[in-house]
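*Asks:* The structure's right below; bear with me while I get my questions together.
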Amino acid sequence: MTAAEQGGAAPDDALAVVAEGVQKRFGRTWALQGVDLAVQTGTVCALLGPNGAGKTTMVRILTTLLRPDGGRATVAGCDVVRDAERLRYRIGWAGQQATVDELLTGRANLEMVGRLYHLAQRAAARRADELLERFGLTSAGGRLAKTYSGGMRRRLDLAASLVAAPPVLFLDEPTTGLDPASRLSLWEAIEGLVHGGTTVLLTTQYLEEADRLADRIVVLDLGRVIAAGTAGELKRLVGGERIDLVVGDPNRLPDAAAALRRATGAEAEVSPGQRRATVAVTTGVAALAAVVRELDAAGIGVEELDLRRPTLDEVFLRLTGSGTTQDRQPAPTAGAAPSERGAGR
Ligand SMILES: Nc1ncnc2c1ncn2[C@@H]1O[C@H](COP(=O)(O)OP(=O)(O)O)[C@@H](O)[C@H]1O
Ligand SMILES: [Mg+2]
């Protein structure tokens with residue numbers, strides 16, 4: 001019976017990645033405590049989580065670099081354990097550490113990968129040129145990779161993962177450590193791939209990145225899925241957006257707070273010391289426009305007016321009760337697996 005026959009879910013070939021109850025243990029640490037995942041073909045799914053959440057472990061399992069201790073997963077229709085060989089030819093993978101060979105030129109790096117995929121010399125060279133062009137590296141193609149900036153290396157790494165034109169691409173923290181301009185150009189490169197039909201599963205610590213790129217976000221913490229949905233759904237879950245304003249004249253702060261209330265129907269929090277008033281909103285830019293109209297009608301001048309989204313820290317604070325600290329460890333679960341589901345193979 002197909003998933004569709006079971007009750008309206010998408011048929012299996014519409015899902016590029018399916019994971020059910022995936023578990024992984026390292027010694028006494030459960031890195032994954034039963035993770036479910038479903039990524040629709042042709043979409044971007046972001047695994048969002050702080051350090052130690054289990055993101056890399058999940059990607060390594062889905063790319064056959066690690067065997068799960070429980071549960072099951074398929075990628076492009078191939079089981080990650082039983083069909084590992086076949087699966088490897090259907091995916092691309094770019095990890096946190098760039099895998100480029102520093103002592104080769106950018107072009108030679110790509111040609112080498114092409115040869116590993118059994119492309120003939122001419123075909124490998126042609127593919128290398130195409131990819132250099134696509135990632136804005138044509139003029140740098142003849143230079144040794146060790147002379148590349150961080151952003152150029154990541155683009156070269158991404159290009160290398162695409163030599164075989166895989167239908168499913170895994171990117172583990174593709175922009176961590178990059179400057180804003182490099183991050184933006186990598187985002188554009190990823191968007192271009194998705195436009196061309198590639199399914200992407202990426203991991204990130206940045207809500208902004210998930211927001212920009214992902215159709216669906218799965219929030220992972222301590223080896224468990226703690227929330228999932230579109231960026232909008234996730235933000236509403238953690239309390240929507242805020243409008244912040246700072247008045248020029250401190251005496252007008254009460255009037256400004258009243259204007260916020262009239263515009264949004266919600267009570268503003270006021271910080272007189274900072275001449276600031278803040279209100280939670282659910283309608284985003286429309287609320288901001290209403291606030292501008294009310295302030296204008298009341299003749300209140302403001303020095304700052306911001307519509308801001310929850311930060312990743314606010315998301316985690318709300319969902320987990322703790323921030324994105326780097327040193328949290330999953331509580332070791334003594335003895336039996338945390339979930340029996342799917343275990344035992
Ligand atoms: N090879 C390993 N040996 C021991 N522990 C590991 C290993 N890989 C990951 N871990 C642990 O598993 C947990 C999840 O790690 P990881 O998947 O790398 O998280 P993330 O990529 O989200 O930062 C962490 O507690 C980490 O210390
Ligand atoms: Mg990681």
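The values are calculated or read from the model by the stated rules, or taken from the named source; none is laboratory data. Predicted model, so just to flag it, every value in this text is computed and none were measured. Here the Cβ is made from the backbone with ideal geometry for all residues, glycine too, and neighbour counts use every protein chain on show.
*Asks:* Just to be sure I understand, how many residues within the range 34-50 are assigned to a strand (DSSP E or B), within 24 Å of ALA189 (Cα to Cα), out of contact with any Cys (no Cβ under 7 Å at 6 or more places or on another chain) and more than 10 Å from ligand 2 (Cβ to nearest atom)?
*Replies:* Counting residues in the range 34-50 that are assigned to a strand (DSSP E or B), within 24 Å of ALA189 (Cα to Cα), out of contact with any Cys (no Cβ under 7 Å at 6 or more places or on another chain) and more than 10 Å from ligand 2 (Cβ to nearest atom) gives 6.
*Asks:* Could I ask something else about it? Please verify whether the range 198-206 includes one or more residues that are farther than 28 Å from LEU288 by Cβ, surrounded by fewer than 20 Cβ atoms within 10 Å (Cβ to Cβ) and in contact with a strand residue (DSSP E or B) (Cβ under 6 Å, 6 or more places away or on another chain).
*Replies:* no
*Asks:* In the range 17-54, which residues are away from ligand 1 (no atom under 16 Å from the Cβ) and either among the polar types (S, T, N, Q) or closer than 18 Å to PRO174 by Cβ (or both)?
*Replies:* Matches in the range 17-54: VAL17, VAL39, GLN40, THR41, THR43, VAL44.
*Asks:* I would also like to ask the following. Looking at GLY223, GLY229, GLY248, which one is over 15 Å from the mean Cα position of the chain (by Cα) and over 15 Å from LEU305 (Cα atoms)?
*Replies:* None of the others qualify; the one that does is GLY223.
*Asks:* Go through the range 157-192 and give me each residue that's assigned to a strand (DSSP E or B) and within 16 Å of ligand 1 (Cβ to nearest atom).
*Replies:* PHE170, LEU171, ASP172
*Asks:* Next question, about the same structure. Would you list the strands (runs of 3 or more DSSP E) that sit entirely within the range 251-309 and hold 2 or more residues that are among the basic types (Lys, Arg) and more than 34 Å from the chain's Cα centre (by Cα)?
*Replies:* none
*Asks:* Next up: Can you report the number of residues in the range 61-108 which are among the charged types (D, E, K, R), in contact (Cβ under 8 Å) with a residue 12 or more places away in the chain and closer than 19 Å to THR41 by Cα?
*Replies:* Of the residues in that region, 3 qualify.
*Asks:* Could I ask something else about it? Can we say ALA31 is touching a residue at least 24 places away in the same chain (Cβ under 8 Å), hydrophobic (A, V, I, L, M, F, W, C) and within 16 Å of ligand 2 (Cβ to nearest atom)?
*Replies:* It is true that ALA31 is touching a residue at least 24 places away in the same chain (Cβ under 8 Å), hydrophobic (A, V, I, L, M, F, W, C) and within 16 Å of ligand 2 (Cβ to nearest atom).
*Asks:* Just a yes or no: is a residue in the range 216-232 in a helix (DSSP H, G or I) and among the hydroxyl-bearing types (Ser, Thr, Tyr)?
*Replies:* no
*Asks:* Kindly establish whether VAL75 is more than 16 Å from ligand 1 (Cβ to nearest atom) and assigned by TED's automatic domain parsing to the domain that holds GLN33.
*Replies:* yes
*Asks:* Next question. Quick one: how many residues across the range 43-59 are at pLDDT 95 or above and either of a type in the set (S, T, N, Q) or more than 15 Å from the chain's Cα centre (by Cα) (or both)?
*Replies:* Counting residues in the range 43-59 that are at pLDDT 95 or above and either of a type in the set (S, T, N, Q) or more than 15 Å from the chain's Cα centre (by Cα) (or both) gives 3.
*Asks:* Residue by residue through the range 51-108, note down the ones that are away from ligand 2 (no atom under 16 Å from the Cβ), in a loop (DSSP other than H, G, I, E, B) and of a type outside the set (A, V, I, L, M).
*Replies:* Scanning the range 51-108 gives THR64, ARG67, PRO68, ASP69, GLY77, ARG82, ASP83, TYR89, ARG90, ASP101, GLU102.
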